[in-house]
Amino acid sequence: MTQPQNTTEADRLKSARESFSGRLLTDAQFDESIAITGIVEREIQKSGAFKDKLGDYAYAFARSEKFDVMKAETVLRDLFKERTGQSMNELRKELVEREDNLTEQARQSAYNHATGLGDLIENGNKISFNRAFAQQAQTLATELQITDIGAKRLMSDEFKSAEGSELYDWGKELEEQFYRPQIEAEKQQREAQQSRGNTTSQSRVTRRTRNGPQ
């Protein structure tokens, strides 16, 4: 059953703890199960899929607690619905349906987020293209309430439509221009520090050798 809009996180967790599946668990098992439901929720938000992640974690949870795997998966599904107010598949469908019904305003926002990659890479502190792309996609996905992967696809499509070129290629060029020099400078700085440290250590050894046993 969908929970009221004003239900707090504490209320949902209390409801989950008192549910049929929740009552079967120890406190430690319940805490771990709730943590897993959060991981599965984030996977749905990211990719629009959950079966592989759910299966992997249900198996690991069942093995560590000596549960039947199907029982573990049922517990996770039940607690997910208690905590979020909807099933895993309902959340997945909701995100996909929104992606299928985007407005022109949403598409413009996707283009703006795509071009915003440039500022992140150019002015950020060692921001690679992949990191900037993921960050912008997550922001857009939250704004439009779609999946991260859907946001990435939308950004790429809108950028290509407006600019006539691939977002990936443009981003990688910026990465080579701004990110790569920062990484090389950091690498050289680390090597210089390591070299100074080795020189200092060698000098101490040499002094001890000259002065004889202390």
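The values are calculated or read from the model by the stated rules, or taken from the named source; none is laboratory data. Model, not experiment: these values are computed from the prediction. All Cβ positions, glycine included, derive from the backbone under ideal geometry; neighbour counts span all protein chains shown.
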Against the condition in a helix (DSSP H, G or I) and loosely packed, with under 15 Cβ neighbours inside 10 Å, how does residue 55 come out, does it pass? yes
Being in a helix (DSSP H, G or I), modelled with pLDDT of 95 or more and touching a Leu at 6+ places or on another chain (Cβ under 6 Å) narrows it down to one of 35, 106, so name that one. 106
From 171, 116, 164, grab the single residue that is within 28 Å of residue 41 (Cβ to Cβ) and out of contact with any strand residue (DSSP E or B) (no Cβ under 6 Å at 6 or more places or on another chain). 116
Can you tell me which of (1) closer than 17 Å to residue 151 by Cβ; (2) assigned by TED's automatic domain parsing to the domain that holds residue 24; (3) surrounded by fewer than 20 Cβ atoms within 10 Å (Cβ to Cβ) is the one residue 91 doesn't meet? (3)
When residue 71 is run through (1) within 24 Å of the chain's Cα centre (by Cα); (2) more than 14 Å from residue 34 (Cβ to Cβ); (3) in a helix (DSSP H, G or I), the failure sits at (1)
From the option list 61, 20, single residue qualifying as over 30 Å from residue 164 (Cα atoms) and surrounded by 19 or more Cβ atoms within 10 Å (Cβ to Cβ) is 61
Only unsatisfied item for residue 100, checking (1) charged (D, E, K, R); (2) surrounded by 14 or more Cβ atoms within 10 Å (Cβ to Cβ); (3) at pLDDT below 95, is (2)
Which one of 75, 69 is farther than 30 Å from residue 186 by Cα and touching a Phe, Trp or Tyr at 6+ places or on another chain (Cβ under 7 Å)? 69
The lone exception for residue 56 - which of (1) of a type in the set (Asp, Glu); (2) in contact with a helix residue (DSSP H, G or I) (Cβ under 8 Å, 6 or more places away or on another chain); (3) without any contact (Cβ under 8 Å) to a residue 24 or more places away in the chain it fails: (2)
Sort through 114, 141 and tell me the only one that's surrounded by 12 or more Cβ atoms within 10 Å (Cβ to Cβ), of a type in the set (Gly, Ala, Ser), assigned to a helix (DSSP H, G or I) and touching a residue at least 60 places away in the same chain (Cβ under 8 Å). 141
